[in-house]
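Contents: one structure, followed by commentary.
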Amino acid sequence: MRKTSLNAYILFLHQLFDLAVSSRAIADSPASRLKTLRLIFPPEQIRDLAVSL
């Protein structure tokens, strides 16, 4: 599984459990310990992103 896919799942879990905490269904979010993965972009891709802006 790619890092971007894992990050999407982690962010979804954060939002899901934040909703449960805000509605007082649970006291603490078990997803609070999950950290997103650091994405490493090759220099060529960074340069292409900068040019497209």
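The values are calculated or read from the model by the stated rules, or taken from the named source; none is laboratory data. Keep in mind that this is a model prediction, so the values were computed, not measured. Cβ sites come from the backbone with ideal geometry, for glycine too, and all protein chains shown count toward neighbours.
From the residues in the range 1-34 that are basic (K, R) and modelled with pLDDT under 90, which one is surrounded by the fewest Cβ atoms within 10 Å (Cβ to Cβ)?
Step one: list which residues in the range 1-34 are basic (K, R), which gives 2-3, 24, 33.
Next cut, modelled with pLDDT under 90 only: 2-3.
Working: R2: 9, K3: 12.
It comes out as R2.
Scanning the range 10-35 for residues that are in contact (Cβ under 8 Å) with a residue 24 or more places away in the chain and part of a helix (DSSP H, G or I) yields I10, L11.
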